[in-house]
Structures are given as structure tokens and as C-alpha cells.
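The values are calculated or read from the model by the stated rules, or taken from the named source; none is laboratory data. The shown structure was predicted, so the numbers you read here are calculated from the model rather than taken from an experiment. Every residue, glycine as well, gets a Cβ built from its backbone with ideal geometry; the counts of neighbours run over all protein chains shown. Quick note on the areas: whole protein, heavy atoms, side chains included, nothing else; ligands and nucleic acids left out. Shrake-Rupley method; radii C 1.70, N 1.55, O 1.52, S 1.80 Å.
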Amino acid sequence: MSEKRPETMKRINTPELADSFIEEQVAAIKAQVKDEKVLLALSGGVDSSVVAALLIKAIGRQLVCVHVNHGLLRKGEPEQVIEVFGKQMNANLIYVDATDRFLDKLAGVSDPEKKRKIIGSEFIDVFAEEAKKQEGIRFLAQGTIYPDILESDGVKAHHNVGGLPEELNFELVEPVKFLYKDEVRVVGKRLGLPDNMVYRQPFPGPGLGVRCVGAITRDRLEAVRESDAILREEFAIAGLEGKVWQYFTVVPPFTSTGIKNGKRTDDWMVIIRAVNSIDATSATIEEVPYPVLNKIVNRIISEVKGVNRVAYDLSPKPIATIEFE
Ligand code: XMP
């Protein structure tokens, strides 16, 4: 890959440097795109959100954002994309709720790599279908960042749009391709994106799908989503948000016995995972204060339907991976 960050490029670590980067990119985008339309798969993650905000600043509603909800997003995520981009920034936003389509395809599939493949290829299909409905689109914007170029062949595999059908024949717009993650965040902040979008923890492309271990069922998926929301809420209250590298909940595909109102229950178990890492190749366990854990456990067992047990995973990486599958 010949693409290299220019040696003269300063590290963007101040609001002033971010502002001049934004100004340069807005001019460059206008010059590249002119009065044509640009398509963007907007996941709500940091990179695609910053690209969306930059393009909206440059070309407004010539940018067509497609937000595909695969049903495996965290609680409140699609709503936040609609609020921030659709309402506050008045973006040309197409929201596709493809939950049923994804969950139907995933029904009965327990192999983790098969699950990932289905989610990836279904994403491309849904996005390509939306792209074909749009007339006269020449450009595709992507949230490629510099580590993606350094680590792969420049195609951001987890964004899944690298595999779009050839006949769509787009020219790429990649305004943050020479930025490191911390620089993308500084730029996002200056573009007015909310902190919980700019500083969010890493979230895998297949989303909650890899945290609903084994074959995904709707009830277990809801237990993952609801328990994850409680965990994030309580971490924020305890001041752990932004301090712990990655934290989430997992629901394995087996039940265990409990007791409620004098009767035996046969319900799911939630596992909490909270790790610290630099680059995800290794990870250590966050020593969450016991009262915080206790509050989270009590909330999960009383608020999340179909759950009667909560465990805290103390396994570092290696030997355990961060995700369960
Ligand atoms: P593991 O589980 O391999 O995870 O220790 C390392 C980091 O990668 C994230 N992860 C993924 N990200 N697509 C992604 O975009 C995936 O399929 C995927 N699997 C794991 C994981 O959340 C962690 O940050």
C-alpha cells in the first residue's frame, strides 16, 4: 500500500490543530465531490461518526448516511444516531431496521466464525440494496483510519463495506485515513459530537452477536442488551467510564437453577467482563470495587428478564480472549 501519512503532518492534539485539519478537509472534500452525492455506512462508532460530521460540514445533505441496525447494537445506539445526525445535524439519514432479517439468518447458527460471516455478508447486502435505491451516487465515504492502513490492505474489514459489489463502482472519500484514533477523537470533539460517541469503548463489528454466546435467541440477546446497559450506567456513575478500556456483559447458552418467590427458576446467567488493555493483544482485569459490583449484580438480577445469576470473569488475556467467541 503506497499510502503513507505525510511526514510533515503534525500530531493533532489541540483544538486549534483539529480546527485547521477540519478546515483543510472540508475544502478537500468540496473539491473532490463538487455537487455529487456521497454514500456513507454510518455505524455510530467513532470513525464513521467523525467522517459523517466532517462531510455534513462540507457538503450537507449531499451526504447520504445509511445506518443499518442489525439488531445487535447496544441499547440506545440507533436512537442516538438518529438524534445526533438526523435531528441535530439535519443529515440526509436513511435508517434501516434490518433486525428480523439478521436474526432470521442467524437462527440456529452457533459457530462463531459462521456468525461473523453471516453478519458481515448480510450487512453488505443490506447496504448495497440501499445504495442501489439511491440515484446518481458516485462517491463512497469510509471511516478508514491510519492503523487500518498500517495493519491491513487499507480496507476496514470490520466496517464491512470493503466487500461491496463491483458494479456499484464508487470513488472513495476517506478524510481521516491519515489519523490515529486519538486524533480522530480530538477532531470529533471539535465537530461537536457528544462525548459518549467520541470517547466510546471499542465495540466489535458483529456487536452483541458475539456476546450472546452460541446460537442467538431473542430472549438471550435482550438479556445481553439490558444487562450491558445497566453495566454501562453503573460504570458511569462510579466514574469508571473512560477509565476502564472495555467492559460488557455476556450470556452463555445454558441455564442454571435459581429460586424466586419460593419457586425454582431455570434462567440465564450474565457474565460481566471489564478489562484494561493498550492494543487488545493482551488484557488485565479491572479490579472493580466490590460495592459497585454488588449494585450491578442486584440490578441485573432484579431488572433483567430471565436472569437469575451473575458472575464476574477474572481471566486475563492471554489465555482467555477479551470476547467469549
Ligand atoms: P479478542 O476477543 O480477540 O478481542 O481478545 C480483541 C478486541 O477485538 C474486538 N473484536 C472484534 N472487533 N470485529 C471487530 O470489529 C470482530 O469480529 C471482533 N472480535 C473481537 C474485541 O471487542 C476486542 O476489543
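Below is a table of values for the structure above.
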| quantity | calculated |
| --- | --- |
| Flag for residue 61 being surrounded by fewer than 17 Cβ atoms within 10 Å (Cβ to Cβ) and within 22 Å of residue 193 (Cβ to Cβ) | yes |
| Cross-chain or 6+ apart pairs with Cβ under 6 Å, the stretch 65-78 first and of a type in the set (A, V, I, L, M), then assigned to a strand (DSSP E or B) | 66/41; 66/94; 68/96 |
| Search result, residues across the stretch 79-95 that are in contact (Cβ under 8 Å) with a residue 12 or more places away in the chain, open to solvent by 20 Å² or more (accessible area, probe 1.4 Å) and either touching a strand residue (DSSP E or B) at 6+ places or on another chain (Cβ under 7 Å) or of a type outside the set (S, T, N, Q) (or both) | 82, 89, 92, 93, 94, 95 |
| Enumeration of residues in the stretch 209-248 that are more than 22 Å from residue 278 (Cβ to Cβ), acidic (Asp, Glu) and within 19 Å of the chain's Cα centre (by Cα) | 222, 226, 228, 233 |
| Out of 234, 241, sole residue that is surrounded by 13 or more Cβ atoms within 10 Å (Cβ to Cβ) and farther than 19 Å from residue 204 by Cα | 234 |
| Spans of helices (runs of 4 or more DSSP H) in the stretch 24-107 with at least 1 residues touching a Leu at 6+ places or on another chain (Cβ under 6 Å) | 46-59 |
| Filtered residues of the stretch 100-136 (kept if at positive phi and at pLDDT 95 or above) | 108 |
| Residue satisfying condition, being out of contact with any Pro (no Cβ under 9 Å at 6 or more places or on another chain), assigned by TED's automatic domain parsing to the domain that holds residue 66 and within 17 Å of residue 48 (Cβ to Cβ), within set 139, 102 | 139 |
| Checklist (1) open to solvent by 20 Å² or more (accessible area, probe 1.4 Å); (2) more than 14 Å from the ligand (Cβ to nearest atom); (3) basic (Lys, Arg) applied to residue 220, failing item | (1) |
| Neighbours by Cβ (under 8 Å, 6+ apart or cross-chain): first from the stretch 170-197, crowded, with 22+ Cβ neighbours inside 10 Å; second of a type in the set (Lys, Arg) | 183/11 |
| Tally, over the stretch 286-317, of residues that are within 15 Å of the ligand (Cβ to nearest atom), open to solvent by 40 Å² or more (accessible area, probe 1.4 Å) and more than 27 Å from residue 109 (Cβ to Cβ) | 1 |
| Single residue of the stretch 261-284 satisfying the filter (open to solvent by less than 40 Å² (accessible area, probe 1.4 Å) and of a type in the set (Val, Ile, Thr)) that is farthest from the ligand (Cβ to nearest atom) | 265 |
| Among (1) more than 16 Å from the ligand (Cβ to nearest atom); (2) in contact (Cβ under 8 Å) with a residue 60 or more places away in the chain; (3) more than 29 Å from residue 55 (Cβ to Cβ) - the single one residue 250 does not satisfy | (1) |
| Filter result for residue 74 (open to solvent by 20 Å² or more (accessible area, probe 1.4 Å), among the charged types (D, E, K, R), modelled with pLDDT of 95 or more and under 16 Å from the mean Cα position of the chain (by Cα)) | no |
| Pairs with Cβ under 7 Å, 6+ apart, first in the stretch 201-213 and within 10 Å of residue 115 (Cβ to Cβ), second within 7 Å of the ligand (Cβ to nearest atom) and at pLDDT 95 or above | 206/116; 210/204; 210/323 |
| Counted residues, the stretch 109-133 - those being open to solvent by less than 30 Å² (accessible area, probe 1.4 Å) and within 10 Å of the ligand (Cβ to nearest atom) | 3 |
| Residue in the stretch 30-50 that is farthest from residue 251 (Cα to Cα), counting only those that are β-branched (Val, Ile, Thr) and more than 14 Å from the chain's Cα centre (by Cα) | 33 |
